[in-house]
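The values are calculated or read from the model by the stated rules, or taken from the named source; none is laboratory data. Since this is a predicted model, take the numbers as computed values, not measurements. Cβ placement follows ideal geometry from the backbone for every residue including glycine, while neighbour counts extend to all protein chains displayed.
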């Protein structure tokens, strides 16, 4: 039996959607800008975190501040837009995992790869793994009969790409055999950003409660 999603949402959901979308877009722009100033930077072989390396990246501050903003905007945006996601236990579990990933993203910016490598590696993993799991979990209640039905495959597919890429990435990083590590890392990170923008757009389009109508539930 499917659990219906919200028919109308509070206006705070749209504010949350805006924060999620803006956070993802500004981070994508920051990455592109910093890459242009990093001599010899390769999308295939350089890690994304190299852009925040305080010894080698000319615009490391831009990158590190941007990922902190991404984490902050995502954290607050998820809390504000919580009721916009389809109801059920999977919503709580999935969004909690995204909150964990958001906090970890903040810590990635605070601890660049060359400042504290062990902490940086740990918090990076705490962005990747919870985010990938969250997308799969959140796909579960996106059933027919909800506003989210069309996003079920979108969320599950991107979550699968993240987790499959991560399953290859982690063990090969341990023995330095990762093929084109920059590319593989982008197969982990870009689906998160794509999902964030897509979901932000959808949340922003959900019908809002009329101020003349008392909400009768989610």
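General remarks:
- Output for the range 149-171, where each listed residue is over 30 Å from residue 206 (Cβ atoms) and in contact (Cβ under 8 Å) with a residue 12 or more places away in the chain: 165, 166, 168, 169, 170
- Among the candidates 206, 125, 193, 135, residue that is touching a strand residue (DSSP E or B) at 6+ places or on another chain (Cβ under 6 Å) and touching a residue at least 40 places away in the same chain (Cβ under 8 Å): 206
- Test for residue 105: is it crowded, with 17+ Cβ neighbours inside 10 Å, under 18 Å from residue 138 (Cα atoms) and either touching a residue at least 24 places away in the same chain (Cβ under 8 Å) or in contact with a strand residue (DSSP E or B) (Cβ under 7 Å, 6 or more places away or on another chain) (or both): no
- Candidate set: the range 196-215, residues that are surrounded by 10 or more Cβ atoms within 10 Å (Cβ to Cβ) and part of a loop (DSSP other than H, G, I, E, B); chosen: the one modelled with the highest pLDDT: 206
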